[in-house]
Amino acid sequence: MWTGTELLIWGGSEEDQGSALAGDGAAYDPVTRAWTPMPASPLSPRDNPFAAWTGTTALFWGGGGANGSLLMDGASYDPASRTWAMLPTAPLRPDAPNRQAIVWTGTQMVVIQPGAGAAFDPATSSWTAVPTLPQVAGCQPFAIGAEWTGSEVITWVAGRPPAVNGVIPSGYCYSAYSWVPGNRAWAVVPSRPDYANFPSGTAAPIGGRLLFLGGSNCPPGASCPVQDFFDGTWFDATSGTWTGLPETFSGGRGPAVWTGSAMVVFNTKAGATPGPPNRPSDVPPGAAAAFDPSGGAWTDLARCPVPDLANASLVWTGRQLIVVAMDDESGDTPQVEMLSPPVRDSK
């Protein structure tokens, strides 16, 4: 996450150590181009914890623990005093493996599970209950996602029929809901026309709407033939309407970041390429493209020197795009690249 002056990275896994979980972190200053280790955290090592910047402190919550278990604790970190503090226990289900979605609203961290939910307010260091998601009869959730539009939480859930005599029936079920903080219930969100499921690609809240780019017809955690999509769509939660975008880019499966005026997506190039339904062969290593929602156009960016961006961390500082990646060849030293200002290739 970006604090306004430095980039914070904490947790993860070490592939060269047999995917051992990491419990350390560091702060990167783009002015001095130097890393400073963070003090020891009270949290156990974990992969993929949720992280949010409150304006004064960093929140870390959840993530994956040993044997893929879902961790249900968190802590705050104050970079000014370089101190940690554990968050209070949340009123959530500890038995919801890999089934929770988390968003930062600007004032609260909202954690959503099938069957439970809670919001943490860092100003009071307290949790309050969130209305329970509606349950779909005959459908057991196995994946959940969420985004904040600026005024409400949009949550989508993928599920499958329960097992019968140890056999899981074929087919999947999908549902989506919206919740305005303070309301006592979730509202049903209409599905995207001509799609069997809710989009599972890159999403960003822009001007009160959600922008979805790419994705696939196979939700995370499902076993099904994958059909990748290289188009996009707008979702207006106020009117409940979808507006499709033309298929105008290739790739779209890399990490992404919203700059405030454009969406930058790695492993992506401008211009759709017909052919195989997944993994287009014409996207070169380090390729990146920016989508301008005001005009609906894609523009290729300068190639990133980091060829493998699958596990890269991205932040937008307001002036620079910082890319941090680690691989077996770099050892314990992160590779940092900065694009400042965003320089675009002519096409």
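The values are calculated or read from the model by the stated rules, or taken from the named source; none is laboratory data. Since the structure is predicted, the reported quantities are computational estimates derived from the model, not experimental observations. Glycine gets a Cβ as well: all are built from the backbone with ideal geometry, and neighbour counts include every protein chain shown. Ligands, DNA and RNA are stripped out before the accessible areas are found, and what is left, the full protein with its side chains, is counted by its heavy atoms. Shrake-Rupley method; radii C 1.70, N 1.55, O 1.52, S 1.80 Å.
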task: Pull up the stretch 227-258, narrow it to residues that are under 20 Å from the mean Cα position of the chain (by Cα) and assigned to a loop (DSSP other than H, G, I, E, B), then point me to the one that is modelled with the lowest pLDDT.
output: Phe229
message: Any residue at all in the stretch 154-166 that's open to solvent by 50 Å² or more (accessible area, probe 1.4 Å) and among the β-branched types (Val, Ile, Thr)?
response: yes
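Given Ala26, Ala34, Ala80, Ala66, which one is surrounded by fewer than 20 Cβ atoms within 10 Å (Cβ to Cβ), among the small types (Gly, Ala, Ser) and touching a Pro at 6+ places or on another chain (Cβ under 6 Å)?
Values: Ala34 fails: touching a Pro at 6+ places or on another chain (Cβ under 6 Å); Ala80 fails: touching a Pro at 6+ places or on another chain (Cβ under 6 Å); Ala66 fails: touching a Pro at 6+ places or on another chain (Cβ under 6 Å).
When all the criteria are applied, what remains is Ala26.
Has the stretch 125-133 got any residue that is crowded, with 19+ Cβ neighbours inside 10 Å and in contact with a Lys or Arg (Cβ under 8 Å, 6 or more places away or on another chain)?
We begin by selecting, within the stretch 125-133, every residue crowded, with 19+ Cβ neighbours inside 10 Å; these are 127, 130, 133.
Subsequent filtering for residues that are in contact with a Lys or Arg (Cβ under 8 Å, 6 or more places away or on another chain) retains none.
Among the residues of the stretch 125-133, not one is crowded, with 19+ Cβ neighbours inside 10 Å and in contact with a Lys or Arg (Cβ under 8 Å, 6 or more places away or on another chain), which makes the answer no.
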message: Can you tell me how many residues within the stretch 7-48 are among the polar types (S, T, N, Q) and within 21 Å of Ile322 (Cα to Cα)?
response: 4
